[in-house]
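Heads up, the thing below is written out as structure tokens.
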Amino acid sequence: MTSLTEKLKSLGVQIGADKINPPVKSDPSLSLTGVLDGCWEGTSKGDCFVIRKFFPPEFVHGDLNLLQVLNLEIFDEIPSLSGISSIPFDQFLFIDTETTGLSGGAGTYVFLIGAAKFTSEGFQFAQFFLQDPANELAQLAALENFCSSSKVIISYNGKSFDLPRLKTRYKFHGWPPPFADVFHIDLLHVARRLWKSHLSSCSLGDIEHHLLGVMRSSLDVSGWKVASHYFDYLQNGDPAPLSSVFYHNEVDVISLITLLNYITKRLSLPLAAEYQSFDDLVSIGIFLAQHGRTQSAQTVLIHAVNNIDLPDNLLITAMSKLASLYKKEGNYSQAIPLWETITSHDVLQAHIELAMYYEHKLNDYQEAIHWTLSALETLSGTPSSIQEKNLREALDHRLFRLKRKSAS
């Protein structure tokens with residue numbers, strides 16, 4: 001009887017893998033330099049493919065020059081950043097990474113690291129590429145050499161993403177990460193506090209478009225496609241699609257420089273002529289207040305309140321914060337009119353503040369009863385919750401106490 005193997009051979013089907021030619025893959029060391037403007041650089045751990053560029057201080061990215069006068073004193077008020085304004089700018093490192101995934105485990109590689117630092121001539125920009133996962137130590141060594149003098153890290157979501165991923169890769173190889181004892185300003189956290197209520201999102205792309213005037217070219221690739229381009233390269237050796245990944249990473253890093261410029265200017269000169277009509281003066285005033293710049297915060301919030309075009313929700317927020325600042329100073333003559341104004345907008349806290357003021361400052365129990373009842377009426381229109389129940393109990397207790405005081 002004819003075996004199955006013999007039947008397959010008679011049909012021309014090849015049996016076994018010994019005669020099958022492996023897929024042809026181009027030499028990445030040649031193809032990378034043919035497509036990308038970089039070169040192989042030696043490190044103590046092997047060769048790494050690196051792209052280097054230089055940007056002069058007057059280089060314009062969007063609406064801003066790269067190098068402007070930075071006033072970082074506002075960040076000194078943040079405990080974790082105290083003393084940062086004394087660090088020379090040439091010890092700042094701007095960094096962004098591209099990874100093979102978002103999970104952050106040992107199997108997630110950082111395949112592209114973009115970084116920039118300032119020198120006396122301008123900005124040195126470099127990208128360290130992982131052309132093969134087996135060559136990771138060379139990439140990490142090249143990065144360490146580049147950032148060896150850095151004392152300040154500037155990133156966008158770097159506290160949650162970029163730096164933890166990099167530290168994982170160094171630790172995976174039993175190598176101490178190079179980012180110990182450094183200051184870290186994550187500009188995403190600042191951007192959210194300043195513009196979360198003004199923009200549809202605080203993605204770096206939206207920040208670029210709405211605030212920095214950056215328009216990316218058609219070469220850019222969406223962030224969610226970046227990893228797939230790298231996987232394709234590992235599979236077929238064609239580096240051409242990587243051009244868009246390198247461009248994407250480059251713009252991310254350069255935008256960090258201009259965004260830091262923009263933020264420091266907005267916080268140090270919030271009422272500069274070009275910004276006086278901006279709705280974000282309210283969030284900037286609140287940010288200044290939260291970091292000990294009370295007088296500057298009051299000035300900014302007063303200006304915002306006097307803007308006749310300010311939307312009602314922002315006006316209420318500005319007046320509430322301004323009143324609280326006046327209260328801290330004991331300046332009730334300025335706080336009272338603000339609270340009285342926003343009570344018409346059903347701002348519960350304003351009713352409570354007025355009730356407390358008339359009870360404890362003026363001993364005017366009838367007026368305090370009026371504002372307590374008004375607060376209870378305002379509270380009745382809010383959804384039922386544990387917080388609402390606790391507030392109602394506190395107000396009922398206040399009302400009972402006030403009526404007892406008034407009758408005595």
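The values are calculated or read from the model by the stated rules, or taken from the named source; none is laboratory data. What you are looking at is a predicted structure, and each value in this text was computed from that prediction instead of being measured. Note: ideal-geometry Cβ built from the backbone for every residue, glycine included; neighbour counts use all protein chains shown. The accessibility values were calculated without ligands, DNA or RNA, using every heavy atom of the protein model including side chains. Shrake-Rupley method; radii C 1.70, N 1.55, O 1.52, S 1.80 Å.
Of note:
- For region 54-70, the set of residues classified as in a loop (DSSP other than H, G, I, E, B), within 30 Å of H229 (Cα to Cα) and either small (G, A, S) or open to solvent by 60 Å² or more (accessible area, probe 1.4 Å) (or both) consists of F59, G62, listed by residue number.
- Some residue of region 305-327 being at negative phi and touching a Lys or Arg at 6+ places or on another chain (Cβ under 8 Å): no
- Odd one out for P239 among (1) open to solvent by 10 Å² or more (accessible area, probe 1.4 Å); (2) over 30 Å from S85 (Cα atoms); (3) not small (G, A, S): (1)
- When the residues of region 385-402 are filtered to those that are surrounded by 13 or more Cβ atoms within 10 Å (Cβ to Cβ) and basic (K, R), the one that is nearest to the chain's Cα centre (by Cα) is R392.
- Enumeration of residues in region 90-101 that are crowded, with 20+ Cβ neighbours inside 10 Å, touching a Lys or Arg at 6+ places or on another chain (Cβ under 7 Å) and closer than 24 Å to D181 by Cβ: F92, L93, T97
- Per this entry, K225 is not counted among residues that are modelled with pLDDT of 95 or more, assigned to a helix (DSSP H, G or I), within 30 Å of V60 (Cα to Cα) and open to solvent by 70 Å² or more (accessible area, probe 1.4 Å).
- For region 36-53, residues that are under 30 Å from N261 (Cβ atoms), of a type outside the set (G, A, S) and either touching a Ser or Thr at 6+ places or on another chain (Cβ under 9 Å) or part of a loop (DSSP other than H, G, I, E, B) (or both) total 2.
- Hits in region 183-192 (condition: out of contact with any helix residue (DSSP H, G or I) (no Cβ under 6 Å at 6 or more places or on another chain) and open to solvent by 40 Å² or more (accessible area, probe 1.4 Å)): H189, R192
- Selection of region 292-340 for residues being in contact (Cβ under 8 Å) with a residue 60 or more places away in the chain and among the basic types (K, R) yields only R293.
- Within region 173-211, the residues that satisfy the criterion of being part of a strand (DSSP E or B) and over 28 Å from K45 (Cβ atoms) are I185, D186.
- Top-ranked residue of region 142-168 - restricted to ones that are closer than 23 Å to C39 by Cα and crowded, with 18+ Cβ neighbours inside 10 Å, ranked as farthest from the chain's Cα centre (by Cα): A142
- Hits in region 204-249 - residues which are in contact with a Gly (Cβ under 6 Å, 6 or more places away or on another chain) and not hydrophobic (A, V, I, L, M, F, W, C): G213, N249
- Enumerated helices (runs of 4 or more DSSP H) restricted to region 323-384, each holding at least 3 residues that are modelled with pLDDT of 95 or more, open to solvent by less than 80 Å² (accessible area, probe 1.4 Å) and farther than 20 Å from A304 by Cβ: 348-360, 365-379
- Top-ranked residue of region 102-124 - restricted to ones that are aromatic (F, W, Y) and within 24 Å of A180 (Cβ to Cβ), ranked as most open to solvent (accessible area, probe 1.4 Å): Y109
- Residue match in region 71-84 (condition: open to solvent by less than 20 Å² (accessible area, probe 1.4 Å), more than 22 Å from F179 (Cα to Cα), in contact (Cβ under 8 Å) with a residue 60 or more places away in the chain and β-branched (V, I, T)): yes
Listed here are the residues, each with its yes/no results for (1) of a type outside the set (S, T, Y); (2) touching a residue at least 12 places away in the same chain (Cβ under 8 Å); (3) assigned to a loop (DSSP other than H, G, I, E, B).
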position	(1), (2), (3)
Q235	yes, no, no
S244	no, yes, no
D252	yes, yes, no
I257	yes, yes, no
Y262	no, yes, no
K265	yes, yes, no
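- Identity of the residue in region 359-381, under 45 Å from the mean Cα position of the chain (by Cα) and charged (D, E, K, R), that ends up farthest from L348 (Cα to Cα): K361
- Some residue of region 283-293 being farther than 22 Å from I207 by Cα and assigned to a helix (DSSP H, G or I): yes
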